[in-house]
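Every read-out reported here was derived from the displayed coordinates using simple, explicitly stated rules and does not represent laboratory data. Owing to the predicted nature of the structure, the values given are computational and were not obtained by experimental measurement. We place every Cβ from the backbone using ideal geometry, glycine too, and count neighbours over all the protein chains shown.
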Amino acid sequence: MTLELGVLVSGSGTNLGAILAAVAERRLDARVRLVVSNKADAKGLDRARAVGVPTAVVPHGAFPTRQAFDEELVRVLRAANVEWVVLAGFMRVVTPVLLDAFRDRVVNIHPALLPAFPGVDAQAQALAYGVKITGCTVHFVDAGVDTGPIILQEAVPVLDTDDRAALAARVLEREHELLVRALGLIAAGRVQIGAPDERGRRRVSIGGPPAA
Ligand code: GRF
């Protein structure tokens, strides 16, 4: 199936760029219907405009609550016929308003091997802790911060010489590939979320390729 994507960005949007490139090169069966940012100056918006993808700015400061902000996100996403939402460097915590509108269809990319180092500046957290391996995670979004069912992960070594920027760049390179791969699996109908276990945890399984 062709994924009808809405991509939410707050910053440089290199993950968005990876999605747009994969779509353009037909490596990913998806259409980016809309790119939304909470920041008018996000570079990700320019990446979208450059290839003719519609954009919207929804400034979070203009809304009294997170819920009201999310209601506006849902409105613009639905108006653009978005069916799947990708948080690609979107620096806002989303609420059930968005999650219920796109149930089990909101995906996030996080620059660490969750559940290690959730939240902001995961690469700095990894360096500060002294782990030798970190990585990136693509997961479904639930009401927690970086807690939802994990779709794919990839490990990235931490070098003794790394500073935050060097580590972030090495992780980011892997993010681009991992995010596109995860979306490809979703588009191929190979990603299933299981029923909650006794602790309420739902796990993702990746099925085999669909029969030809
Ligand atoms: C990425 O590291 C992403 O995982 C994080 O923010 C960064 C965004 O990068 N949450 P970009 O905007 O896609 O270039």
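Note the direction-averaged projected area, equal to a quarter of the hull surface, for the Cα convex hull of the range 11-50, in nm².
That works out to 2.7 nm².
Rounded if a/c is under 1.5, else prolate if a/b beats b/c, else oblate: with a ≥ b ≥ c from the C-alpha gyration tensor eigenvalues square-rooted, which is the range 1-103?
oblate
Quick one: length gained pulling LYS43 to ASP163 fully straight, 0.36 nm per residue minus the C-alpha distance?
Going from the current span to full extension adds 40.8 nm.
Where does each of 186-193, 121-128 land if you order them by average Cβ count within 10 Å, highest first?
121-128, 186-193
Hey, got the dipole for the range 109-212? About the Cα centre, +1 on K and R Cβ, -1 on D and E Cβ, debye to the nearest 20?
360 debye
Which percent of Cα-Cα pairs in the chain sits in each 5 Å bin, short to long?
1, 7, 15, 19, 20, 17, 12, 6, 2, 0, 0
Might you report the magnitude of the Cβ-based charge dipole of the range 1-103 about its Cα centre, with Lys and Arg at +1 and Asp and Glu at -1, to the nearest 20 debye?
Charge dipole of the range 1-103: 160 debye, to the nearest 20.
Count the DSSP beta bridges whose two residues both fall in the chain, then state the antiparallel fraction as a percent rounded to the nearest 5.
Expressed as a percentage, antiparallel bridges in the chain total about 45.
Trypsin sites (Lys or Arg not before Pro), restricted to the range 72-171: which are DSSP loop and have at most 13 other Cβ atoms within 10 Å?
ARG103, LYS132
First check a/c for the range 109-212, with a ≥ b ≥ c the square roots of the eigenvalues of its C-alpha gyration tensor; if it is under 1.5, answer rounded, and if not, answer prolate when a/b is larger than b/c or oblate otherwise.
Judged from the Cα gyration tensor, the range 109-212 comes out oblate (a/c at least 1.5, b/c at or above a/b).
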